[in-house]
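Working notes for the structure below.
The values are calculated or read from the model by the stated rules, or taken from the named source; none is laboratory data. Not measured: the values here are computed from a predicted model. When we count neighbours, we look across all protein chains shown, and the Cβ atoms used for this are built from the backbone with ideal geometry, even at glycine. Heavy atoms of the whole protein, side chains included, go into the accessibility calculation; ligands, DNA and RNA do not. Shrake-Rupley method; radii C 1.70, N 1.55, O 1.52, S 1.80 Å.
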Amino acid sequence: MSIEEIIKQFEPVQHNLLNILHALQDRHPQNCLTEQALDETARYLKLTKSSVYGVAKYYTMFSLEPRGRYIIRLCVSPVCELLKANQIMAVLEKNLGIRAGETTSDGLFTLELSECLGQCQEAPSMMVNNEVYNGLGEEEVQRVLVRMRRRKKK
Amino acid sequence: MSKLVNLTIDDKKISAPEGANLLQVAKDNGMAIPHLCYHKKLSPTGACRLCIVKIKGQRGLLASCAVQVSEGMEVTAFDDELEEARKYLLDYLLCEHDESYDGSHPDEFRELIFRYGLDKKENRLFPSIWKELGYPKDESSPVLSYDAAKCIKCFRCIKACDEVQGKNVLSFTNRGIISYIVGGFDKWGESECDGCGECIQLCPTGAIVEKPHRSEIKIENGICRVRTTCPYCGVGCQLELMVRNGKIVRSNGVEGVSPNDGRLCVKGRFGYDYVQHPDRLTTPLIKKDGKFVEASWDEALDLVARKFTEIKETYGRKALAGYASAKTTNEDNYLFMKLVRTVFGNNNVDYCTRLCHASTVTAMLRSLGDGAGSNSIEDYAHSDCMLVTGNNMIETHPVTATYVKYAVQRHGSKIIIIDPRWTPLVKDAHIWLQPRLGTDVALLNGMIRVIISEGLIKKDFIEKRVDGGMKAFESLKALAEKYTPEYVEEVTGVAAPLMEEAARIYAGAERPLIATGMGCSQQVTGTHNVFCLINMMLITGQIGRPGAGLNPPRGQNNVQGVSDVGASPFTYPGYISVEDAENRRRVAGIWGLPFGELDGEKGLSTVEIMQAAYEREIRGMYIMGENPMLTDPNLNHTEEAIKKLEFLVVQDIFHTETTPFADVILPATAFAESEGTYVNSDRRVLRVRKAVDPPGQARQDWEIIAEIAKRMGKPLGNYQHESDIWDEIAQTAPIFAGISYDRLEYHGIQWPCPAKGHPGTATLFEERFNTPNGLGKLHPVEYAGQSEKADKDYPFILNTGRILYQYHSSTMSRRNKSLTDFANEAYVLMHPGDALKYGFSDGQKVHIASRRGEISNIRVQISDGVLQGELFMPFHYSEAPVNRLTRDELDPYSKIAPFKLSAVRVGR
């Protein structure tokens, strides 16, 4: 689907801005918003470039930098912290060979930190794209990563 | 807002309009409550919290900028607690701020830092952390720099761009302490920013500063400020020029004064450098053996006087003619006109208005009795419907457009655009009617028919204010009958329902303004187009009150004034016909001349003068500040005509496309070197003041004119100062009778101003029209097809026009780096369908030919902003002289030329 086709699924009204940006980011192979995407969105909604840019930069869920196919967001809010989210972090960093904010060289994973995912009852938690994983331990994490690597192409 | 309420601020009794802004009321009463995010022109933000006050009966500290005054309010503006809180807030703001100061800009924040003693480190509570925050600088704009470390995030720039200029180009990026302002995608230079600089003018800290001359400016040292009027379009913006060491280094808008209230466009703010350009003419030049050699003023003036006298003696007094100039002052043009009438002895004086709004003025004079705009520019802000026809006002009158956008964006007013080409105002328009070029009469008659058939006329108005009343209306009705929506759609290509809705909105509006531009006027049927607009306006009664009327924004700074002071082949000062013997007798008395010396026969108009030169009826010509070799239609013919002249004098500030044909070139002053007045589009007489000395031997136009007259044996008068000339203008032109320089010191006055105590006239035609019987006149006119059509050999119709960054023949605008950095290349707009059909690609260079000439090396720009079969080109660029293609077939009434319609072909 081209950028134009994605955008045109939505009505050209300003309150669709976030929906359009999400759709564009989700369909980008590198999970990000390109300048062209922002530009076409601005023109479609009759907004100036900076108003679209300002919104995209305000929300941490949007990225203007290319990211991995899978975005891993590890929760670092208090409950998860108490239940050793830092150990999970270490496992992720070791397995992926990257630190938070970075992307693996094969372009498959980006590791990010997140505020509360609302899963405190089964902490620690993380999200991989739109899927939530709870009650994490080292094995669980390894399993998820293997599965993702195997999935390769969605 | 008119009801006054009483309140006290720190025990001082104050009365103010109910609902007024408390901070502003306090400021107006001399109380220096500190503030940073508040600005009079903007909606209150309440971000900086420095304007906190206490109000009896209300809890806590309140931001006074967000409080409306009410009866009995008791306010504390200053006490120890408030001052302590303010100091704390400033201190906090300061820690994330780069406080270095290069002295090149006003800095309200810095002033407060000093006022609260925070310049001393020991008085601060917080350590400076700005260096750790990694604030960026954005230097990508050609005209301004943004430094996030100097930014206090007060929103003033964002609101200046959005609320004042209607552009909304700026926004915040990121969150919290590391947020900052961005244009575009964090690159100002690639954003929609057009360089108007409103954000610079309203920035309180120097985060946004002009680039040009920044290193030369020390704001507190050696700067002199001169208030004057902008030399570009006819809005008449009031400028304050900053001068250092005899050089203009900055231009700001003057706040709180009409018509611009501080607003400027990119030309007004950054277009002054041409004044100090090395290309300026600095000495008189005489052509000897085909080459220009420097001469003394005496030598040049004697030669001019001798040659003009010889021509007059040899061929008679009708053999001389002059082009006056819409760039120069009223005083210059008045004397120029006086020279032609009293020294040349004929009425062959005209100027570029003939190529501009002549048709509008002609139609308005015949129908309404005055050819000038009927309303004030500020009226647009309160109009509920604006019919903008053939008028690309965002580019040609950017400051007027700010009021128009304000009405739409803040009051929900509706814009109806009639234009064959997309213009930026379409973004704000409710309806865009896109008729084929040259079909306006059919479209407007169609709208008139809708108004009549749906009973939207104002019978009362027609009976009271229209000549012939309902009987005259019946003949318009009969004519309009055949312009059915179906027929109109067929002729114009405009969808019938859109046209019908536009007609209904206009007729039903409370305060509708028509803004008519070159697209309407520069046609063979220019006068007819405007007759149709006036017919529609009269039958709906949409004129004669504030916010309702017809307004042609004038293209040059003083087009209005030059006509007003009588530099016209048809009218004396104040629009009195040259054929009016009574008036000539009166003026002869003022001028101290025998009545018989003043020619009572109409003179030749701009293009007619060239045609007469071609026929060798005109032998000598005096051109002041005009460039016909770029701006006249059918340039090849103009060139032949100008070559046939025996003697040509060109008075200008630069060499132009016309000066090579001159025998003598006289160096004149630019706007910033002149004293005098201009009249803007809403009839406002505005002062022009000298800020810098002219280069070399350049002299002010009126002095040169007076010298030539004297040397031809007929001195024009004894003038010591420009105000002496103005006083004579006020005597000869009744519309100016009450205006004198002392009244123009702080603000302009709108004519008619018939007496000393008269305040001037904001709205024309409130009681009566200015026709002999006081009634408006309907002129029903039929649509006629164009004589020039697209055909097999010339398949395109070419339209021409202007862009924001260049100005007319660009003699001035192209000598400003700031402007040429934005735009400096000609192009031709072509519809994608045509590009496909004929195999042209974007960026390709083409040549374009008409039946009259051809031009080459023009870059194709593919755009759906033009209709299929139509092209558009700007006319500013001398290397792409589009007027080699245009026609000089004239509108029979106004003698305007059809710049907007030429059949052409495009080749590789």
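List of remarks:
- Using a probe of 1.4 Å, the accessible surface attributed to B:Lys710 totals some 110 Å² when neighbouring protein chains are kept in position.
- Farthest towards the positive end of the charge dipole of the protein assembly as shown, among the residues B:Ser475, B:Asn773, B:Ile377, is the Cα of B:Ser475, using unit charges on the Cβ of Lys, Arg, Asp and Glu.
- Dimensions (Å) - the stretch B:78-219, Cα atoms, principal axes, largest first: 45, 36, 31
- Computed P(r) (all Cα pairs; the stretch A:3-58; 10 Å bins; percent): 26, 65, 9
- If only the Cβ of Lys and Arg carry +1 and only the Cβ of Asp and Glu carry -1, the dipole of the stretch B:124-218 around its Cα centre is close to 480 debye.
- Label sites at A:Asp26 and B:Lys40, each approximated as a point 7 angstrom past Cα along Cα to Cβ, lie 5.2 nm apart.
- Taking every alpha-carbon pair under 8 Å whose residues sit at least 6 apart, chain B reaches a relative contact order of 14 percent.
- For the stretch B:380-479, the Cα gyration tensor yields ellipsoid semi-axes of 29, 17, 11 Å (square root of five times each eigenvalue, largest first, whole Å).
- DSSP-defined beta bridges in chain B - what % are antiparallel, rounded to 5: 60 percent
- Helix B:581-591 axis versus longest C-alpha principal axis of chain B: approximately 60°, rounded to the nearest ten.
- Relative compactness, the stretch B:1-139, computed as alpha-carbon Rg over 2.2 N^0.38 Å: 1.18
- Net lengthening on full extension, A:Glu115/A:Asn19 (0.36 nm per residue, minus Cα-Cα): 32.4 nm
- Accessible surface calculations at 1.4 Å, restricted to protein heavy atoms, place the protein assembly as shown at 38 Å² per residue.
- If you sort B:His97, B:His430 by accessible surface, 1.4 Å probe, largest first, the order is B:His430, B:His97.
- Per the accessible-area calculation with a 1.4 Å probe, the total area buried between chain A and chain B rounds to 1300 Å².
- In this rough spin-label picture, where each label sits 7 Å from Cα along the Cβ direction, the B:Asp298-A:Lys46 distance is 6.8 nm.
- The stretch B:359-551: relative contact order as a whole-number percent, Cα under 8 Å and 6+ apart: 33 percent
- Computed log10 I(q)/I(0) for the stretch B:293-339 at 0.30 Å⁻¹: -0.98, from the Debye equation with unit scatterers placed on every C-alpha and solvent omitted.
- Net dipole in debye of the protein assembly as shown [+1 Lys, Arg Cβ; -1 Asp, Glu Cβ; about Cα centre; nearest 20]: 880 debye
- Of the listed residues B:Arg908, B:Arg851, the order by accessible area with a 1.4 Å probe, largest first, is B:Arg908, B:Arg851.
- Among beta bridges that DSSP assigns inside the stretch B:359-551, antiparallel share in %, nearest 5: 5 percent
- Dipole of the protein assembly as shown, positive end: most advanced residue of B:Trp297, B:Asn634, B:Phe595 [Cβ charges, Cα centre]: B:Asn634
- Alpha-carbon Rg/Rh ratio, for the stretch A:70-151, with Rh computed the Kirkwood way: 0.93
- If only the Cβ of Lys and Arg carry +1 and only the Cβ of Asp and Glu carry -1, the dipole of chain B around its Cα centre is close to 220 debye.
- In degrees, nearest ten, helix B:358-368 long axis to first principal axis of chain B (Cα): 90 degrees
- Spread of Cα-to-Cα distances over 10 Å intervals beginning at zero, given as percent, for the protein assembly as shown: 2, 9, 17, 21, 19, 14, 9, 5, 2, 1, 0, 0
- Extension gain, B:Arg504-B:Lys56: 0.36 nm per intervening residue step, less the Cα-Cα distance, totals 156.1 nm.
- Per-residue SASA entry for A:Thr34, accessible area with 1.4 Å probe, Å² rounded to 10: 50 Å²
- Inter-site label distance for B:Glu313 and A:Glu11 at 7 Å from Cα along Cβ, in nm: 8.4 nm
- Overall form of the stretch B:252-400 per C-alpha gyration tensor (a/c, 1.5; a/b vs b/c): oblate
- Length released on extending from B:Glu71 to B:Gln276, taking residue separation times 0.36 nm less the Cα-Cα span: 68.3 nm
- Measuring with a 1.4 angstrom probe and ignoring ligands and nucleic acids, B:Tyr101 comes out at about 60 Å² accessible.
- Fraction of antiparallel bridges per DSSP, the stretch B:796-907 only, in percent to nearest 5: 60 percent
- Here r is the Cβ-Cβ distance between B:Glu854 and B:Glu825 and R0 is 25 Å; the resulting FRET efficiency, rounded to 0.05, is 0.85.
- Calculated P(r) tail over 15 Å for the stretch B:115-155, as whole % of Cα pairs: 60 percent
- A convex hull fitted to the Cα coordinates of the stretch B:796-907 yields 107 cubic angstrom per residue.
- 10 Å-binned pair-distance histogram of the stretch B:33-76 (Cα, whole percent): 29, 51, 19
- Cα centroid of the stretch B:461-527 to Cα centroid of the stretch B:371-410, whole Å: 20 Å
- Cα-based Rg of chain B normalised by 2.2 N^0.38 Å, two decimals: 0.98
- Residues with amide H under 5 Å from that of B:Ile623, placed H, sequence gap 5 or more: B:Tyr323, B:Val649, B:Val650, B:Gln651
- FRET efficiency for A:Gln36 and B:Glu84, using Cβ-Cβ distance with R0 set to 56 Å, rounded to 0.05: 0.60
- Value of relative contact order over the stretch A:3-58, rounded to a whole percent, pairs C-alpha under 8 Å and six or more apart: 34 percent
- Each principal axis of the Cα atoms in the stretch B:359-551 has its own extent, and those three values, largest first, are 41, 35, 30 angstrom.
- A Förster radius of 60 Å, combined with the Cβ-Cβ distance separating B:Arg175 from B:Arg908, puts the computed FRET efficiency at roughly 0.65.
- Computed log₁₀ I(q)/I(0) - Debye formula, equal Cα scatterers, no solvent, chain A, q 0.09, 0.21 Å⁻¹: -0.33, -1.21
- Among B:Ile858, B:Ile158, B:Ile177, the order of accessible area from largest down is B:Ile177, B:Ile158, B:Ile858, computed with a 1.4 Å probe on protein heavy atoms.
- Calculated [222 nm] ellipticity per residue, helices only, for chain B: -8000 deg cm²/dmol; basis is -39500 (n - 2.57) per DSSP H run with n ≥ 4, divided by all residues, nearest 500.
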